[in-house]
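So the structure is just underneath, and the comments pick up after that.
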Amino acid sequence: MNKLAIKWTIVIIAIFGAVALLYPSYEWYSKTTAEREKLEASGDRPKRILNLGLDLRGGSSLLLELDVSKLTGNESLNESMQRAIEIVRNRIDQYGVGEIPITRQGEKWISVQLPGIANPEQAEALIGKTAMLEFRIVKTDNEAQETINKLMELDNPFNPDGTLTEQAAALVPAGLTVMKDKQGFMVPLTDTAAVTGADLEDARVSTGEYGYPAVSFQLNGDGAKKFGNLTSANMKKDLAIILDNTVQSHPTIQARISNSGQITGRFTMEEARQLAIVLRAGALPAPVNIIEKRTIGPGLGEDSIKSGVKASIIAFIFIVVFMSIYYRFSGIIASVALVLNLLFLLALMAYFSATLTLPGIAGIILSLAMAVDANVLILERMREEKDKGQPLPLVIKEGYAKAWSAIFDSNLTTWIASLLLFQFGTGPVKGFALTLTLGLFVGVFTSVFVTRAIYDLILTANPKEISI
Amino acid sequence: MSYFRIFPKTNTDFIGLRKVFFIISGILMLASLTSVIFKGMNYGIDFTGGTVMQVQFQDTMDIQNIRTALTDSGIKADIQTFVGRNAFAIKVKGSQDNVNEVARNIEAALQKTNVPFNVEQTDFVGPTVGSHLAKKAVMAFVLAMAAMVIYIGFRFQNIIWGAMAVAALFHDVFLTIGVFSFLQLEVDLVIVAALLTIAGFSVNGTIVIFDRVRENIGLHPKWTIKELLNASINETLSRTIITSFTVIVATAIIYFIGGAVLKNFSFAILVGLTSGAYTTMVLVPGLVYQWTKGGNYSIGLASDESANKASGNEPRPSVKAEGEKQSSYKRKPRRNKNKQNN
């Protein structure tokens, strides 16, 4: 293959790759809001799509601070934070709004993004609660089955915090209680918890039968006694592991367990890890306080997106038209590169499941501005060469060669700066740096490599002149 | 073959005019500083902490009624009007520990106006968050600047170039800050992102000029630094104008029709990019000249006095072509009849 063919292979692969990467996002955002919500709730939201920040689509974002001064025990800060995040996630999941990004920020902060929730006070109340880990036995007798059937007829037997509503509780006989599991199914349980999180000492991922990941746990002295009694009395029954009124899993008791045991099931590694965290989780390691809360009504988010997108499209069209008028045919080539630039950048962002926020848009603007500049640099150089009366192939060759050092240095300088901003910045600075880091990379590729490939292809036809 | 040119080939003695630009920039910087000191900045709750609630009333509402309702409930707030939308932003700055308290009080007070309203947006920022974010942003910014100075210094063989690039960047960023102070526009975290954009664009422009100087040193070893700088400015002038024009108009479009959320943000970029075009074209080369004339000339550059001595017998470090990519045009000084020297 000659050089030109290799170049074009790369360009074409990049275009197809970008379209393939963007297709899931396109499909997702062409659905109606209701459809999206349904899919989100069932956890079927595609992973690698472009996300919109809450500043652009409405919703609530909370920043929580772990009160580290009240940390006790010998856990490191990292472990405490990991536990706190897992507990917060468990609680928010009960709210039933699908995938909620919950991330650690800085040392002791947890960011919770609640999309589409205009009134997040209920979610806030859930976060503030104390965690409760319990072990109960799953009931399978007729009475339990009948109770479930009765409850099924109710609209929703559960309060947001996982407890039964008054109406539902009235239908449940003494000695029995009902909780939901993670899929929302009802599980009949004994009404007392023989063993609680207070009895647990540790839980770790281990390997169970047939090599499946499992979770091993240790109980303290008191807990071991209670657990021994519970398990020997309920052999072959299901033991429900409950966190904050939600059944996490209910493995079958295979043997008497006293000071330690293993929970098996066909867990994936990730599931086992999460279960271990949940088991270790128990109560929050220290209280969490809400230190920042931003709520944007969905209408406002939509409005700002609409006018922002409209303005961006008009600005983009202006650049394309201006370049094409000013540099004629070469300007059209540069415009093609700009369109591809945007396409590739969005595709990369979708691939990294990046979230587009206002500061992120700033990063895109800067990277696009620098891509325009790279094109202008090359075209101005070409004009200079043309003025000297050089033949066309040389005009193009020299134009690129001479513009390259400026393009290289300015992009690399900005790239170094944006990497540092990404590394050390938080929040909006990070959002800015992410799109800029990707954008510069894509910008150099499209405005130098892709445009050059186009010129090289045109040159094979031996044209006398290309308008610059 | 004629091109569509906005600006014809120029041959202006920009370096000769440098003092004019120094004075202009000096005045601008001084004005910015004065405004920042005496008028101060209008920091948003991102930095001060506090609560902002944006509400839209379903009927016409007078700002005075809102003010009275709030004062009656003992709430001290700034109120901002959104023209034509019947919407208001009510802002209570300062340390607030309880996340919903102020928001609830505002809502309760507004209900007393007896005009139905929607809460469009509520922001609460606790006292520790703002200062932390600001600190982190400044630290990241300083580190990024330091890295740029080092890289430019390395690429252009002298730290002066890096320092001048950062001086230009500082000029553009500080002027924007000054304008925001003077107009008392609110500075929030999104404006920080805008300032970063300005910084990036400023360095980009400066490097283009430096790159041209670096190239011209190789082509014309006997030129004085003044000739080199002037030729480099004039040769890159059309690029600077075209790029700046394109980007500034695009930003202006976003400013005018991009909606309220993007308004301050695009305004900051507009100011910064305009300043950036100016510093790139005339201020930075003038500063470099002033510096080198003072005797601190760079390794790669000949100062006026030493131009004849250093007539380019040995290869100059700063003319080195970098990497393989460039070796193709590590040239052979080209004969260039129509190039203008002053």
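The values are calculated or read from the model by the stated rules, or taken from the named source; none is laboratory data. Here the structure is a predicted model, which means the values were calculated and not measured. No Cβ is skipped: glycine too gets one built from the backbone with ideal geometry, and neighbour counts run over all protein chains shown.
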Pick from the range B:59-115 the residues that are exposed (fewer than 12 other Cβ atoms within 10 Å of the Cβ) and among the hydrophobic types (A, V, I, L, M, F, W, C): which of them is nearest to residue A:291 (Cα to Cα)? B:63
In the range A:340-358, is there at least one residue being in a helix (DSSP H, G or I), over 30 Å from the mean Cα position of the chain (by Cα), within 11 Å of chain B (Cβ to nearest Cβ) and crowded, with 21+ Cβ neighbours inside 10 Å? no
(1) aromatic (Phe, Trp, Tyr); (2) out of contact with any strand residue (DSSP E or B) (no Cβ under 7 Å at 6 or more places or on another chain); (3) crowded, with 23+ Cβ neighbours inside 10 Å; (4) modelled with pLDDT of 85 or more all hold for residue B:151 apart from (3)
What are the residue pairs meeting all of these: first residue in the range B:106-119, first residue in a strand (DSSP E or B), second residue surrounded by 12 or more Cβ atoms within 10 Å (Cβ to Cβ) and acidic (Asp, Glu), Cβ atoms under 8 Å, and 6 or more apart or on different chains? B:119/B:107
The one condition residue B:238 fails out of (1) of a type in the set (Ser, Thr, Tyr); (2) more than 7 Å from every other protein chain (Cβ to nearest Cβ); (3) in contact (Cβ under 8 Å) with a residue 60 or more places away in the chain; (4) surrounded by fewer than 24 Cβ atoms within 10 Å (Cβ to Cβ) is (2)
What number of residues within the range B:176-224 are touching a Gly at 6+ places or on another chain (Cβ under 6 Å), at the interface with another protein chain (Cβ under 8 Å from one of its Cβ atoms) and of a type in the set (Asp, Glu)? 0
Select from the range B:154-175 the residues that are among the β-branched types (Val, Ile, Thr) and over 17 Å from residue A:414 (Cβ atoms) and write down the one among them that is surrounded by the fewest Cβ atoms within 10 Å (Cβ to Cβ). B:159
Could you please let me know if residue B:216 is over 30 Å from residue B:265 (Cβ atoms) and either acidic (Asp, Glu) or surrounded by 19 or more Cβ atoms within 10 Å (Cβ to Cβ) (or both)? yes
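Quick grid of which residues meet (1) assigned to a loop (DSSP other than H, G, I, E, B); (2) modelled with pLDDT of 85 or more:
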residue: B:6; (1), (2): yes, no
residue: B:26; (1), (2): no, yes
residue: B:34; (1), (2): no, yes
residue: B:81; (1), (2): no, no
residue: B:97; (1), (2): yes, no
Do you know which of the residues in the range A:415-436 that are farther than 15 Å from residue B:136 by Cα and under 21 Å from the mean Cα position of the chain (by Cα) is nearest to the other protein chains (Cβ to nearest Cβ)? A:436
Quick one: would you say residue A:369 is out of contact with any Ser or Thr (no Cβ under 9 Å at 6 or more places or on another chain), without any contact (Cβ under 8 Å) to a residue 40 or more places away in the chain, assigned to a helix (DSSP H, G or I) and within 7 Å of chain B (Cβ to nearest Cβ)? no
Can you tell me which residue is farthest from the chain's Cα centre (by Cα) among those in the range A:290-322 that are hydrophobic (A, V, I, L, M, F, W, C), assigned to a helix (DSSP H, G or I) and at the interface with chain B (Cβ under 7 Å from one of its Cβ atoms)? A:322
Which one is farthest from residue A:445 (Cα to Cα) among residues in the range A:13-40 that are surrounded by 16 or more Cβ atoms within 10 Å (Cβ to Cβ) and more than 17 Å from the chain's Cα centre (by Cα)? A:18
